[in-house]
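The following block contains the structure, expressed as structure tokens.
The values are calculated or read from the model by the stated rules, or taken from the named source; none is laboratory data. Keep in mind that this is a model prediction, so the values were computed, not measured. Quick reminder, even Gly has a Cβ in these numbers, built from the backbone with ideal geometry, and neighbours come from all protein chains shown. What goes into the accessible areas is simple: the full protein's heavy atoms, side chains included, and nothing from ligands, DNA or RNA. Shrake-Rupley method; radii C 1.70, N 1.55, O 1.52, S 1.80 Å.
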Amino acid sequence: HRAAANFYHAMRYLPDLKRRALTAVYAFCRRADDIADGDHQETFIGWSDEAFSGFDQYRAHLVEMGDYDELIDSVAGLARLRQLYGLRMKMSSCFDDDVWLTDPVFMALKAAKEAYGLDRTDLDAVINGMEDDLYVQYYRTSQQLEGYCGRVASATGLLCIDVYQPSDRQAARHHGYSLGQYMQMVNILRDVKEDALLGRVYLPMNLLNEHGIDPDSFAGEGPPSKDWQSFVDE
């Protein structure tokens, strides 16, 4: 997997403790992403239905705070959202001294948090980004897209920075956030047709409209070269 290879090169020369911490970060991010894509079915062995009693309220709050409409897939999307809700509860155990899960990913993530002070806001942001993919097919503005990129890419980089322990953490986080935005934007441009075939267009609709680009064209032959060129130049 391309993402796994990127993480491998980022941590292959690190000391053992830091390498284990980054492996935990990667495993957490990978699991969240796979749940959202439908490639992983999260299990909650021994959990009672009561553990999910707040799910409906949580879902309503997401719609209210995220300016979402409806789930893209009302059946599969709802199941994946419920799993992400459970994943967030598992993640919260890393910040509770009285709770230890037997799930190896969260055992390792808790150890990484205790060793390097991982920021819960960044871990939450990773899950927030996966929830975006269950609700959003089109991003209306550049600001909305930047927020999404911050959740699905920059947050992961910020977690890595906590493990790296740079001498100037504030400056590193500033540059790391920007780098995450840049890398995710490159991924979006690279995968325009692939994403469109899956029913998603990440490029901002306001900019596409300015250049006369039909977002549905990405799933076919693409927009006229002159329109695409003017969009890229901007």
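Could you count how many residues in the stretch 182-234 are part of a loop (DSSP other than H, G, I, E, B) and under 20 Å from VAL136 (Cβ atoms)?
The qualifying residues number 9.
Which members of the stretch 187-234 meet the condition of being of a type in the set (D, E, K, R) and open to solvent by 90 Å² or more (accessible area, probe 1.4 Å)?
Matches in the stretch 187-234: ARG190, LYS193, GLU194, GLU210, ASP216, GLU221, LYS226, ASP233, GLU234.
So ALA155 fits all but one of (1) at pLDDT 95 or above; (2) in contact with a Pro (Cβ under 8 Å, 6 or more places away or on another chain); what number is the exception?
(2)
Is it true that TYR135 is touching a residue at least 12 places away in the same chain (Cβ under 8 Å), surrounded by fewer than 20 Cβ atoms within 10 Å (Cβ to Cβ) and closer than 25 Å to LEU81 by Cβ?
Yes: the conditions hold for TYR135.
Return the residues of the stretch 140-186 that are of a type in the set (D, E, K, R), open to solvent by 20 Å² or more (accessible area, probe 1.4 Å) and farther than 26 Å from GLY66 by Cα; say none if nothing qualifies. First the steps, then the outcome.
Within the stretch 140-186, the subset of a type in the set (D, E, K, R) is 140, 146, 151, 162, 168-169, 173.
Keeping just the survivors that are open to solvent by 20 Å² or more (accessible area, probe 1.4 Å) gives 140, 146, 151, 168-169, 173.
Once the filter is applied, which keeps residues that are of a type in the set (D, E, K, R), open to solvent by 20 Å² or more (accessible area, probe 1.4 Å) and farther than 26 Å from GLY66 by Cα, the stretch 140-186 yields ASP168, ARG169.
Out of the stretch 96-132, which residues are of a type in the set (Asp, Glu), farther than 18 Å from ILE161 by Cβ and surrounded by 15 or more Cβ atoms within 10 Å (Cβ to Cβ)?
Within the stretch 96-132, ASP103, GLU131, ASP132 qualify.
Could you pull out the residue among LEU123, LEU118 that is of a type outside the set (Asp, Glu), part of a helix (DSSP H, G or I), at pLDDT 95 or above and under 29 Å from ARG82 (Cα atoms)?
LEU123
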